[in-house]
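Enquirer: Just passing along the structure, written as structure tokens.
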2 protein chains.
Amino acid sequence: MPTYHFFFVTLASLLFSTVACAVSTIVNWGVFELTLDGPSAGNPFVEVELSARFSHENEMVSVSGFYDGNGKYRVRFMPDTVGDWSYVTASNQSTLNAKTGQFQVTNPSRENHGPVRVAHTFHFAYADGNPYKELGTTSYAWVHQDESLQEETLKTLSSAPFNKIRFCVFPKFYEWNKTEPAIYPFEGTPPHQWDFSRFNPAFFQHFEKRIQQLEALGIEADLILFHPYDKDHWGFDRMGAANDDRYLRYVLARFSAYRNVWWSLANEFDFMKEKKMEDWDRFFRIVVANDPYGHLRSIHNGTKLYNQTHPWVTHASIQNGSAVEDPGRAVLYRDVYEKPIVYDEVKYEGNLPQRWGNLSAEEMVLRFWQGLVAGTYVGHGETYLDPHDIIWWAKGGSLHGQSPARLAFLKKIMDDGPPEGFNPIDKWQDDSFAGTPGTYYLGYFGRQTPTSWQFELNKNGLEDGKRFHVEVIDTWAMTITPIDHVFVTKKKDAYRFEDKDQQAVPLPGRPYMALRIREENTQVR
Amino acid sequence: MPTYHFFFVTLASLLFSTVACAVSTIVNWGVFELTLDGPSAGNPFVEVELSARFSHENEMVSVSGFYDGNGKYRVRFMPDTVGDWSYVTASNQSTLNAKTGQFQVTNPSRENHGPVRVAHTFHFAYADGNPYKELGTTSYAWVHQDESLQEETLKTLSSAPFNKIRFCVFPKFYEWNKTEPAIYPFEGTPPHQWDFSRFNPAFFQHFEKRIQQLEALGIEADLILFHPYDKDHWGFDRMGAANDDRYLRYVLARFSAYRNVWWSLANEFDFMKEKKMEDWDRFFRIVVANDPYGHLRSIHNGTKLYNQTHPWVTHASIQNGSAVEDPGRAVLYRDVYEKPIVYDEVKYEGNLPQRWGNLSAEEMVLRFWQGLVAGTYVGHGETYLDPHDIIWWAKGGSLHGQSPARLAFLKKIMDDGPPEGFNPIDKWQDDSFAGTPGTYYLGYFGRQTPTSWQFELNKNGLEDGKRFHVEVIDTWAMTITPIDHVFVTKKKDAYRFEDKDQQAVPLPGRPYMALRIREENTQVR
């Protein structure tokens, strides 16, 4: 007999389901999990095939199951439509084949907006249409640390501004990261004797718990599927194509049904010298074919970029230490890729001797603002030396830097901005303003220290007589000061509008200042 | 009987050929032209098929012929190997079919280096391996002006620094460009009654003369095959797919054998609203299939970029008004495309009211230098208002600006630099230096006005005790001032070397200054 596990079953759905208690319920974009008993002899990971077809009206979705050890097989499914669903399994084992059942999908809770998708070309939104304003951080190996440190990381994240975290499936072996994890993804003996054909279910069960805990915090889990920080210490970076592909399919079968999962094919893919470009292309094909939900897909570079124009790349995940030092740089990748641009690595706030790890907090925050007015997204990282080598960037724990508070302030401004996202206003002439022409402008002066700003906006969306309110934002001091004057537009020349009385906005002569300019009739959210 | 025309026959080859005077000679990368008499009835442009197969040892090249009016058919061929060649024609007309002949290809003259190719990923070289340091200008419709003005343009080019000029096959109808040309590419009546199936051979003969005159000046002809500056005035921008494709094949059959031809599929392709992306992809396929020599291929954008990662794009031809305002911007497209980056349009030196046409000469020159230290190439244009609307950018004539002299100065520095081209030294940290690590550095300070520069170079290619000479370059005053001190490298930290005595280079506190730093033992060419 199949047994069921239900996640995210709300009280309301339980109440409604009492009228037909034989049919189970699950919230939309929750995880329906079917558990079946099957053979444990031989190697179930390679010998047993299991899948299920889920149906609702004209919709039909096929998903792969997986072996979870101890004779237990599971099929996970994330529905995207409210209503009655049914399933039927298929397997090369009679005990797993042709199992059928029904369940009911109910409205999601208020916090559950579904998976994140690309929206408005350069931005993101949840499946239900709600904006998702990406603000990510990185902690590569936080799930491979002591349990207490992992709990501390989750606690930190619960009050941090980040709504995405990048981390690795495989453990990391690198400077400041040489502790062995408590548990490994394969059966075998560390550091180097593994049976790559036999997964360790306990490793993945633990990993899934962390994905779900992030989901409960409203944080997307940007899972890094391969990385070079191994160099044959364990050998997970050089398992060979057959093992790589089997690993990917297993991960996809296990994790795809979690709505907050993103796939990052690799960190610094080009530093993995054992893999060729064809391998990465094949990995993308495997991910596309085995993730029926189309979670976001990216690949992060070292010094060489993957061809991010490929249609299977949903958004560009870019490491570049200098591209967000200037909005006029950051904007260029938008033109090239016509996808969301996420500068996932722009150096880190910290004090490492390496130049990639010793940004001041001011410089970290500056990069976020420059990226924002360029219509792109920037990722956070922190690398302060620690007596116990507990550095956020790799191990998680607590945040020690001064940027997160400013990023929380920035996030509020992002959330209060145009719901579809920030776009450059006049990218080839003035790279310091983003927003929505005619209604909303966010300008950023970066390291400049102006004492005033002549009210002047690009003509797009404007006409004479539009009324604007201006606020002066100190992005470092985290203050927003309204200007006690209503600016009224008047055409200046072929490209610009100015204030009808040529009024200027006084500024304090400090760096890191921004302006928020909103049309009077635009509702302030 | 076939008749022959020989171009570029040197005195030497004439002498050598006397031993077998029945066999004609032609220099390598010259144009062998076979002329045949054939039918003139019906529509020879669409009804007659003609091609020829040229053979030399194991090499075989098939080229299309074309109808040149008055019953004359021609097949043009550019050999790329010295030695004995033969040919045989194929046609659906018996008078043109199965004609055979031989000729001898001799060493080219000293000035003839063959066609330009991509070299060292980001740069160009002639077919014989000699460097080609691209320095282009644009004059869209110079070949469609009065004969005397065309001659003036050629005279101007003969003493200008440019080794490439971009211009359109079709005439241009645009602000300041409303004069009708003397001759049109199709049979018919201007402005709007054309038989697109019948070409006007006189138009193309004239055009070819200009291509050859440019070749004699050592200037590459970057031919713009389509453009939007017509808007149905003549309708050459909206002929429909069948006419577009026939036009392309005709142009390719006529022009491909000229070694200095480059193909620019379009100017501002995205402004041609009648064409879809599939059209541009098809045009590229037609060019690839009908140009047996593989001349350089690009496509120039308005605001939307073509996907320049496609393998049929040999180099990125980019319009961007702000990308070369900062080397840290310009460099980004190198990473994306891994091809030569040619910023063919970066606004123009001039005084038009439009912001794309009112750069100061200083700003024009600055863009070239920023592009150079970013490892890219920049294009010149000039738009000074003229009482007779003779503006270089569209009509040619004379140059009035102050940038060309400075670009000639720059060209000399490019020519004296690394033969393979300038590459960024440390693109993610310091965007102001290009060259070859360890031997040659060119730094540019742009609008900054430093009074000294602490000798400090990125570690790549360096070791303790290397000796360097430094010259201070005023890119505007066109002076090169050697510093009377030999700088000797000493490791400073994990990333940099400094002078062993921590010497600095004095600078005059003016903008537009550059540094040239060369290793003592590096031969100064």
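Each reported figure results from applying straightforward, stated rules to the coordinates on display, with no laboratory input. From a predicted model like this one, the values you see are computed outputs, not experimental measurements. Because the Cβ atoms are built from the backbone with ideal geometry, glycine has one as well, and the counts that use them run over all protein chains shown.
Enquirer: What is the magnitude of the charge dipole of region B:285-404 about its Cα centre, with +1 placed on the Cβ of each Lys and Arg, -1 on the Cβ of each Asp and Glu, and no other charges, expressed in debye to the nearest 20?
Expert: For region B:285-404, the charge dipole is close to 420 debye.
Enquirer: Could you tell me which residue out of B:VAL116, B:TYR174, B:TYR87 lies farthest along the dipole of region B:60-187 toward its positive end? Charges go on the beta carbon: Lys and Arg +1, Asp and Glu -1, centred on the Cα centre.
Expert: B:TYR87
Enquirer: Please give the helix A:277-290 orientation as an angle from the longest Cα principal axis of chain A, in degrees from 0 to 90, rounded to the nearest 10.
Expert: 70 degrees
Enquirer: Sticking with this one: Based on the Cα atoms of region B:248-328, what semi-axes does the equivalent ellipsoid have, where each is the square root of 5 times one gyration tensor eigenvalue, given in whole Å with the largest first?
Expert: 24, 16, 11
Enquirer: Moving on to the next point. Over region B:447-525, what per residue volume does the convex hull of the Cα atoms give, in whole Å³?
Expert: Taking the convex hull of the Cα positions in region B:447-525, it is 103 Å³ per residue.
Enquirer: Report, to the nearest 10°, how far helix B:361-373 tilts away from the longest principal axis of the Cα atoms in chain B, using its own Cα long axis and a range of 0 to 90°.
Expert: Helix B:361-373 and the main axis of chain B meet at about 90 degrees.
Enquirer: Non-local amide H neighbours of B:VAL505 (under 5 Å, H modeled in plane, Pro and chain starts lacking H): which ones?
Expert: Placed amide hydrogens put B:TRP453, B:GLN454, B:PHE455 under 5 Å from B:VAL505.
Enquirer: Taking amide H positions as placed 1.01 Å from N in the peptide plane, with prolines and chain starts having none, which residues 5 or more places from B:ASP389, or on another chain, fall under 5 Å of its amide H?
Expert: none
Enquirer: For region B:20-137, give the magnitude of the charge dipole about the Cα centre (Cβ charges: +1 Lys/Arg, -1 Asp/Glu; no others), in debye to the nearest 20. Walk me through the intermediate numbers first.
Expert: On the way: 8 positive and 12 negative charges, 23 e Å.
In debye, rounded to 20, region B:20-137 gives about 100.
Enquirer: Let me ask something else about it. Past the 50 angstrom mark, what percentage of all C-alpha to C-alpha distances in the protein assembly as shown do you count?
Expert: Roughly 35 percent, once rounded to a whole number.
Enquirer: Once amide H atoms are placed 1.01 Å from N in the peptide plane, what residues at a sequence separation of 5 or more from B:ARG198, or on another chain, have their amide H within under 5 Å of its amide H?
Expert: B:GLU187
Enquirer: Show that you can apply the helix-only estimate: for chain A, add -39,500 (n - 2.57) for every DSSP H stretch of four or more residues, divide by all residues, and state [θ] at 222 nm to the nearest 500.
Expert: -6000 deg cm²/dmol, from helical runs alone.
Enquirer: In addition: For B:ALA242, go 7 angstrom from Cα along the Cα-to-Cβ vector, then report the distances to that same point in the other copies in nm, smallest first.
Expert: So the distances to the same position in the other copies read 5.7 nm.
Enquirer: Let me ask you something else. In Å and whole numbers, how far do the C-alpha atoms of region A:345-494 stretch along each principal axis, longest first?
Expert: 62, 31, 29
Enquirer: Please state the relative contact order of chain A as a whole percent: Cα pairs under 8 Å, 6+ residues apart?
Expert: Rounded, it is 11 percent for chain A.
Enquirer: I would also like to ask the following. Would you mind checking the tilt of helix A:201-216 against the longest principal axis of the Cα atoms of chain A, expressed as 0 to 90 degrees and rounded to 10?
Expert: Relative to chain A, helix A:201-216 is tipped by roughly 30 degrees.
Enquirer: Let me test this: with uniform point scatterers at the alpha carbons of chain B, what is the Debye-based log₁₀ I(q)/I(0) at q = 0.09, 0.12, 0.13 1/Å?
Expert: Normalising to I(0) and taking log10 leaves -0.69, -1.12, -1.26.
Enquirer: Between region B:216-232 and region A:359-382, what is the separation of their alpha carbon centroids in Å?
Expert: Here the two parts' Cα centres lie 42 Å apart.
Enquirer: May I ask you to report, in nm to one decimal and beginning with the shortest, the distances from B:PRO482 to the same position in the other copies, taking label points 7 Å along Cα-to-Cβ?
Expert: Spacings between copies for this position, smallest first, are 6.8 nm.
Enquirer: With no solvent and one equal point scatterer per Cα, compute the Debye intensity ratio I(q)/I(0) for region A:112-262 at 0.09, 0.15, 0.18, 0.21 Å⁻¹ and report its log10, rounded to two decimals.
Expert: One equal scatterer on each Cα of region A:112-262 leads to -0.30, -0.82, -1.12, -1.39.
Enquirer: In addition: Name the residue from A:ALA504, A:PRO419, A:HIS469 whose Cα lies farthest towards the positive end of the charge dipole of region A:392-522, charges +1 on Cβ of Lys and Arg and -1 on Cβ of Asp and Glu.
Expert: It is A:PRO419, whose Cα lies furthest towards the positive end.
Enquirer: For A:215-221, what's the mean count of beta carbons from other chains sitting within 10 Å of each residue's beta carbon? Write out the running numbers ahead of the final one.
Expert: Values: counts 0, 0, 0, 0, 0, 0, 0.
Going residue by residue through A:215-221 and averaging, the value is 0.
Enquirer: Picking from A:TYR140, A:GLY294, A:TYR348, whose Cα lies most toward the positive end of the charge dipole for the protein assembly as shown (charges on Cβ: Lys, Arg +1; Asp, Glu -1)?
Expert: A:GLY294
Enquirer: While we're here: When ranked by the protection proxy of mean other Cβ atoms within 10 Å per residue, highest first, what sequence do the peptides A:326-338, A:120-132 form?
Expert: Details: A:326-338: 23.5, A:120-132: 17.5.
So the order, starting with the most tightly packed, is A:326-338, A:120-132.
Enquirer: Expressed as a rounded percentage, what relative contact order does region B:337-476 have, with Cα pairs under 8 Å and six or more residues apart? Spell out each step's value before the answer.
Expert: Values: 202 pairs, mean separation 28.7, N = 140.
Taking the mean separation of contacting Cα pairs over the length of region B:337-476, I get 20 percent.
Enquirer: On to the next question. Using a label position 7 Å from Cα in the Cα→Cβ direction, what is the ascending list of nm distances from B:GLN429 to the same site in the other copies?
Expert: Copy-to-copy label distances for B:GLN429: 3.8 nm.
Enquirer: Please list, in order along region B:175-188, the HN-Hα scalar couplings obtained from phi with the Karplus expression 6.51 cos²θ - 1.76 cosθ + 1.60 (θ = phi - 60°), rounded to whole Hz, x for Gly and Pro.
Expert: Result, ordered by residue: 3, 6, 9, 10, 6, 6, x, 6, 8, 10, x, 10, 5, x Hz.
Enquirer: Another question, then. Could you give the size of the charge dipole of region A:353-477 about its Cα centre, using +1 on the Cβ of each K and R and -1 on the Cβ of each D and E, expressed in debye and rounded to the nearest 20?
Expert: Here region A:353-477 has a charge dipole of around 140 debye.
Enquirer: Per residue of region B:134-143, in order, report the coupling 6.51 cos²θ - 1.76 cosθ + 1.60 (Karplus, θ = phi - 60°) as ³J(HN,Hα) in whole Hz, putting x for Gly and Pro.
Expert: 5, 8, x, 10, 10, 8, 4, 10, 4, 6
Enquirer: Now, a different point. Assign one of three labels to region B:95-154, namely rounded, prolate or oblate, based on the Cα gyration tensor with a ≥ b ≥ c the square roots of its eigenvalues; rounded applies when a/c is under 1.5, prolate when it is not and a/b is larger than b/c, and oblate otherwise.
Expert: Verdict is oblate for region B:95-154.
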